[in-house]
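The numbers here are math on the coordinates, done by the rules we state, and not lab data. Predicted model, so just to flag it, every value in this text is computed and none were measured. Virtual Cβ from ideal backbone geometry, glycine too; neighbours counted across all protein chains shown.
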Amino acid sequence: MSRYFVTTAISYPNGRPHIGHAYEVIATDWLARFARLDGRDTYFMTGTDEHGLKIAQAARKEGVTPQAFVDAMVQHFVAMCDKLNISRDRFIRTTDPDHKQVVQALWKKLEEAGDIYLDRYEGWYSVRDEAYYDEEDLVVAEDGTKLAPTGTEVSWTVEESWFFRLSRFQEPLLKLYADQPEFVQPSNRMNEMRAFVERGLKDLSISRTSFDWGVPVPGSDNHVMYVWLDALTNYLTPSGWPAAGWEAKWPADLHVIGKDVVRFHAIYWPAFLMSAGLPLPGKVFGHGFVLNRGAKMSKSLGNIVEPMGLADSFGVDQLRYYLLRAIQFGQDGEWSHEAIARRINADLANDLGNLAQRTLSMIAKNCNGEVPVDGPALPEDEALVTQVSAMLEEARAAHAAVRPDLALDAIWARVSDVNAYLNEMAPWSLRKTDPARADVVLYHAAECIRRIAILVQPAMPESAARLLDQLSVAETDRDFAAFAKCLKPGTQLPGPQGIFPRWMEPEEDAAQ
RNA sequence: GGCGGGGUAGCUCAGCUGGUUAGAGCACAGGAUUCAUAACCCUGAGGCCGCGGGUUCAAGUCCCGCCCCCGCUACCA
């Protein structure tokens, strides 16, 4: 059985989750659910990156310990996953004990490989911010002192730091990109990474002594590991490496990440793994951002979109569907109230919802509420089934390409086909002239809806399950292996119930 | 500044190595219909294909110049 290990980036919980977090985890959930339904041995991980200066500072501001701070904040991320029906196999936290062990083991391995050495890190440091700043970001005050962008004073500081010999990996990385041009997707990101590496790589400072909220460096107690070495290693943690049997859960097939962290995943992470002699992940996919009416979300603009409330007002599946369908995966996309409302009505209520409703209610009224009798199929019936069947391979191709939007495009094209088929066949008229033929038409429509519902599951698990319930499809016949396993005539159906209600603005609702 | 991508219907986008009247979805208008969630189905309107030159029998598609937008350009993640 082919394995599919997919991850999201781990979120930095210095604030509550916003729609960007929801987007990434929903898209990755789609990938994981799809793989599971396709019979693959799937492992899906998401989680939180809990160390580092910003967490320590945020905790201090609230007067709590960093651990207490993250324990509280992580709740919101877990709650979001629960709310959004995220089928993760593990929610990893970088404060988990097994993670710390793996990171320290990896450190030792890099050290053994001769890729870690002690040196000094120099830069403009702000004691107040506990952070280094680039020369070009500094502003000079009237009295000539240099200030950080935050307005605090900086001074040239030299700090002892461990370094990773990233420079050694320039050629190996370029070879990786040449051998596996799809290692980084979309391709424009690959080009950016290649250009970055071609410019030359400097060694990477991978420890800090200026704060202590992190994983201690083995044998160097005053150092904590620098964020990215700690964070990236989360992907390796569930394998239990270097303990025996780690090969069962490493390497990952796919890291789904935001476009802002592509460099860390496409350059640093493979370099660390190469140094340790470990296999590399199959692919890194950098998705775009969800923009609020075209504007980037930020705390200062006060336009951050919060996912939990959206799931409450529009529905979890509706929110999932919108994010997966309306945004081309890999590009930036737009969020707006109007846009999701349009999608809900056009795609879910009018197209799929209405298709199911009209078909199932005709069956309920005219076929004793049973799957109608199939009969001799006309070319039109066969053409429809052929079209609808092709959808599975189209969806698989979209999954392989990490494009949930394309999979849904393909599925909805079929929804439209089935609606057109019904209009053309007009079973409501046939009922009066040729009832047996009307049954055959309804049978084919219902069968197509079953197939569509099976493929809709990764995007909208709850709604698809309700639809399959209404078709009396057994729980065990809902994976892709059952795709071609047709409805049995005579099966009792529970009777139609609307699955995708139209979206009405609350004030309209109240007025009626 | 350097490197890369892009500017096509109101909106989001397809248009591969140049070749019949430039396409899709949504939104809009009309028609048909009434099985269905005022839905579905059909038809239509809507486009100096960023601007200006050039190559060619023929350019959204190639070449040159210009304008505008976006991404990357290492230690906050």
Calculate the spin-label point distance for A:N354 paired with A:Q75, positioning each point 7 Å from the Cα along the beta-carbon direction, and give it in nanometres.
4.5
So the FRET efficiency between A:E135 and A:A248, C-beta based with R0 = 41 Å and rounded to 0.05, is 0.30
Cα-based Rg / Dmax (Å) for segment A:196-267:
14.7, 39
Using the Karplus curve 6.51 cos²θ - 1.76 cosθ + 1.60 with θ = phi - 60°, work out ³J(HN,Hα) for each residue of segment A:378-386 in order, rounded to whole Hz, and write x for Gly and Pro.
8, x, 4, 5, 5, 4, 4, 4, 4
Can you list the residues, at least 5 places off or on another chain, whose amide H is less than 5 Å from the amide H of A:V290, using H built in the peptide plane?
A:G333
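Got the relative contact order for chain A handy, in percent, Cα pairs under 8 Å and 6 or more residues apart?
On the way: 826 pairs, mean separation 78.6, N = 512.
Relative CO of chain A lands at 15 percent.
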Using θ = phi - 60° and the Karplus curve 6.51 cos²θ - 1.76 cosθ + 1.60, what whole-Hz ³J(HN,Hα) does each residue of segment A:90-96 get, with Gly and Pro shown as x?
8, 9, 8, 10, 5, 8, 5
Residue-wise HN-Hα coupling along segment A:497-505, computed from phi with Karplus coefficients 6.51, -1.76, 1.60 (Hz; x: Gly, Pro):
9, x, 9, 10, x, 5, 7, 10, 4
What FRET efficiency, computed as 1/(1 + (r/R0)^6) with R0 = 25 Å and r the Cβ-Cβ distance, is obtained for A:D434 and A:C486, rounded to the nearest 0.05?
0.70
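May I ask you to order A:383-392, A:450-459, A:119-128 by the average number of other C-beta atoms within 10 Å around their residues, highest value first? Display every interim value, and only then the final one.
On the way: A:383-392: 17.3, A:450-459: 24.2, A:119-128: 15.3.
Top of the packing list down: A:450-459, A:383-392, A:119-128.
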Kindly list the residues of segment A:208-248 that lie in the label zone of A:V64, defined by a backbone N under 19 Å from the point 7 Å along the Cα-to-C-beta vector.
A:213-214
Return the subset of A:K146/A:K202; A:K249/A:K296; A:K109/A:K299; A:K249/A:K299; A:K175/A:K296; A:K83/A:K108 for which the Cα-Cα distance in this structure is over 30 Å, preserving the input order.
A:K249/A:K296; A:K109/A:K299; A:K249/A:K299; A:K175/A:K296; A:K83/A:K108
For A:G47, residues with placed amide H under 5 Å, excluding near neighbours
A:S11, A:I92
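At a threshold of 8 angstrom on Cα-Cα distance, excluding pairs fewer than six apart, so keeping six or more, what relative contact order does segment A:11-140 reach in percent? All intermediate terms of the calculation are to be shown ahead of the outcome.
Details: 109 pairs, mean separation 34.8, N = 130.
Taking the mean separation of contacting Cα pairs over the length of segment A:11-140, I get 27 percent.
Compare the peptides A:344-352, A:427-435 by average per-residue count of other Cβ atoms within 10 angstrom and give them in order, highest first. Intermediate values should be presented prior to the final figure.
Values: A:344-352: 19.6, A:427-435: 14.1.
Final packing ranking: A:344-352, A:427-435.
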If each residue of separation counts as 0.36 nm, what is the full-extension length gain between A:E122 and A:K108 once their alpha-carbon separation is subtracted?
2.6 nm
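Can you work out D for chain A in µm² s⁻¹ from Stokes-Einstein, where Rh is the Kirkwood radius over C-alpha pairs, the temperature is 37 °C and the viscosity is 0.692 mPa s?
Numbers: Rh = 25.5 Å.
Rounded, D is 129 µm²/s.
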So what's the gap between the Cα centers of segment A:435-512 and segment A:416-433, to the nearest angstrom?
18
Please give, to one decimal in nm, the separation of the simple spin-label points placed at A:E380 and A:N222, each 7 Å out from Cα toward the Cβ.
8.4
Could you give me the radius of gyration and the Dmax of segment A:1-116, taking only the C-alpha atoms into account and expressing both in angstrom?
16.4, 51
Per residue of chain A, what 222 nm ellipticity follows from adding -39500 (n - 2.57) for every DSSP H run with n ≥ 4, rounded to the nearest 500?
-14000 deg cm²/dmol
Counting only residues 5 or more places away or on other chains, whose amide H sits under 5 Å from the amide H of A:Q457 once H atoms are built in the peptide plane?
none
If contacts are Cα pairs under 8 angstrom and at least 6 residues apart, what is the relative contact order of segment A:279-399 in percent?
23
For segment A:113-190 and segment A:217-283, what is the centre-to-centre distance using only Cα atoms, to the nearest Å?
19
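Mind putting a number on the dipole of segment A:336-482 about its Cα centre? Charges go on the C-beta only, +1 for Lys and Arg and -1 for Asp and Glu, and I need it in Debye to the nearest 20.
Details: 14 positive and 22 negative charges, 72 e Å.
Roughly 340 debye, rounded to the nearest 20.
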Taking Cα atoms of segment A:336-482, Rg/Rh with Kirkwood Rh, to two decimals?
0.97
What does a probe at A:N85 reach in segment A:327-364, counting residues whose amide N is under 17 Å from the point 7 Å along Cα→Cβ?
A:344-345, A:347-349, A:352-354, A:356
State the extension gain, in nm to one decimal, for the chain segment bounded by A:R342 and A:D212, taking 0.36 nm per residue of separation less the distance between their alpha-carbons.
41.8 nm
With the dipole of segment A:44-189 defined by +1 on each Lys or Arg Cβ and -1 on each Asp or Glu Cβ, the option from A:S187, A:V140, A:A79 whose Cα lies farthest towards the positive pole is A:A79
Based on the Cβ-Cβ distance from A:E182 to A:E142, what FRET efficiency comes out when R0 is 51 Å, to the nearest 0.05?
0.45
Between segment A:32-87 and segment A:313-375, the Cα center-to-center distance that results, in Å
30
